Amino acid sequence: MLGAIRKQPKAVFVIIALSALVACGDTVVEQAAIGGVGGLGASAILDGNLAAGAVVGAAGNVAFCQTFPDRCN
């Protein structure tokens, strides 16, 4: 992660800022889709593995939304 921050600091801060705006979705499928798109976008910006980014994003968003439903918009 530190290497990514050094290479593309603006992209990392944009991703962090946009992640605060992401809504959870009403169903698990919507939550996975929203997280997957976010992870895919982050991987594309950071020149990473797109499939892995989508999977990690989907899993992370579903886990967050299921654990903290009161924090989702």
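The values are calculated or read from the model by the stated rules, or taken from the named source; none is laboratory data. Just so it is clear, the structure is predicted and the values come from calculations on it, not from any experiment. For neighbour counting, all protein chains shown are included, and Cβ atoms are generated from backbone atoms with ideal geometry for every residue, glycine included.
Of note:
- Figure legend. Inter-residue proximity from the stretch 42-66: first residues more than 13 Å from E30 (Cα to Cα), second residues part of a helix (DSSP H, G or I) and hydroxyl-bearing (S, T, Y), beta-carbon distance below 9 Å, spacing 6+ or different chains. Indicated pairs: A42/S19; N49/S43; L50/S43; A51/S43; A52/S43; G53/S43; A54/S43; V56/S43.
- Residues that are modelled with pLDDT of 85 or more and outside any helix (DSSP H, G or I), drawn from the stretch 56-73: F68
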